[in-house]
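Just so it is clear, none of the values below were taken in a lab; they were calculated from the coordinates. Here the structure is a predicted model, which means the values were calculated and not measured.
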């Protein structure tokens, strides 16, 4: 079942074990994203994937929400993986050193 929440800055689409975020993921939307992540972790027995392909901007507060959700998933014996982390997201993860706290899906490079 797919559920969609439209918020200021970011849209959240919940689809099975996947949470798809699009738009600007920043301090204005962290409470809603945190609630959606924790709801997903509580209601899903599978590993959770957060798809960031459509995220245009992200800030440190948003990254901390993802890191905290990763720790929570780990405590419950599951994984939370970030998919589609573009250059801006990866740059912020490295600058904040939160790259060590989250699992980012590797993307194969085509020849």
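For the chain, what is the calculated [θ] at 222 nm in deg cm²/dmol (nearest 500), taking -39500 (n - 2.57) for each run of four or more DSSP H residues and dividing by its residue count? Don't skip to the end; give the middle numbers.
Details: 3 runs with 40 residues, N = 111.
Helices in the chain give a 222 nm mean residue ellipticity of -11500 deg cm²/dmol.
Need the C-alpha centroid separation for segment 60-86 versus segment 10-41, integer Å.
One Cα centre to the other: 11 Å.
If you consider only alpha-carbon coordinates, what radius of gyration and Dmax does the chain have, in Å?
Rg and Dmax of the chain, Cα atoms, are 13.0, 41 Å.
Could you tell me the relative contact order of the chain? Use alpha-carbon pairs under 8 Å, at least six residues apart, and round to a whole percent.
On the way: 188 pairs, mean separation 24.9, N = 111.
Once normalised by length, the contact order is 22 percent.
Please state the relative contact order of segment 15-71 as a whole percent: Cα pairs under 8 Å, 6+ residues apart? Display every interim value, and only then the final one.
Working: 65 pairs, mean separation 30.7, N = 57.
Relative CO of segment 15-71 lands at 54 percent.
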